[in-house]
Amino acid sequence: MQRLVCAVLLVGALALPEVAQAHASLVRSQPLAGGIVARAPSRIVLEFDDDVRPAAGSEVVRNDGKAVHRGLEAGAQWNQGPWRIGGGVTLIDAKRRGSTANPALNGQSPTNVPKQVLRAQTAYRFASVPGLEVAGQLSYEGRRNVLPDGSITLPSWTRVDAVLRYDTKLRGANASWTLSVDNLFDRRYWKESPYQFGHVYLFPGAPRTLRLGLSVAL
């Protein structure tokens, strides 16, 4: 059985403050031969007011320049028999522009913005045990600036997650049990580094985490 999955580009996925302009394409997935559902590459153009900075000799804060994000996003999914394989990639070219307080920052990548984001998933349903599925996801994010001048950066990181899911019924209601392992190989890494008002915030990736869950459709 083949299943059509629709996907759209979410403009708000980049959570940066003070959106000045945003242009993006909403793209529906298109079914192709062989059980493939593809999302055509979509163009991203986003502009944000950059970090507010203290004016010289004053406690008043103001915006200084903009962060202009341009990029492409594409994805695909293949469904055939018990298998489901999919993924998506986002390429981001982001630059600082229009800074007058520190013109040397113009042309630098904004802080905490990776140049590449990749997600890949695969899942397999066991015919011998109806309702049982095992799945995995690979996540990758590229290098990002920690400081506005790019003198300190966070390296890229890769993480693998796994989940075992069992669909069943509880008193006639559809239910799903899940046993998942986040960060399967227990990698140590810095996940992101927001920068605001001259302060850097470093967030480490969570260690290997085991989760057991139950969801019931009421």
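Structural remarks
- Residue within segment 98-116 that is outside any loop (DSSP other than H, G, I, E, B), touching a Pro at 6+ places or on another chain (Cβ under 9 Å), at pLDDT 95 or above and not aromatic (Phe, Trp, Tyr) present: no
- Selection status of Arg125, open to solvent by 80 Å² or more (accessible area, probe 1.4 Å) and touching a residue at least 40 places away in the same chain (Cβ under 8 Å): yes
- Set side by side, the residues Asn79, Asn102 differ, and just one is closer than 18 Å to Arg165 by Cβ and of a type outside the set (Phe, Trp, Tyr), which is Asn79.
- Pairs with Cβ under 6 Å, 6+ apart, first in segment 54-73 and closer than 12 Å to Phe197 by Cα, second among the hydrophobic types (A, V, I, L, M, F, W, C) and modelled with pLDDT under 55: Val61/Val52; Arg62/Ala55; Asn63/Val52
- When the strands (runs of 3 or more DSSP E) confined to segment 133-218 are screened for residues that are free of Cβ contacts under 8 Å to residues at least 60 places away in the same chain, those reaching at least 3 such residues are found at 157-170, 173-182, 209-216.
The values are calculated or read from the model by the stated rules, or taken from the named source; none is laboratory data. This is a predicted model, so every value here is computed, not measured. FYI the Cβ positions are ideal-geometry reconstructions off the backbone, even for glycines, and counts take in every protein chain you see. We work out accessible area using only protein heavy atoms, side chains counted, and drop any ligands, DNA or RNA first. Shrake-Rupley method; radii C 1.70, N 1.55, O 1.52, S 1.80 Å.
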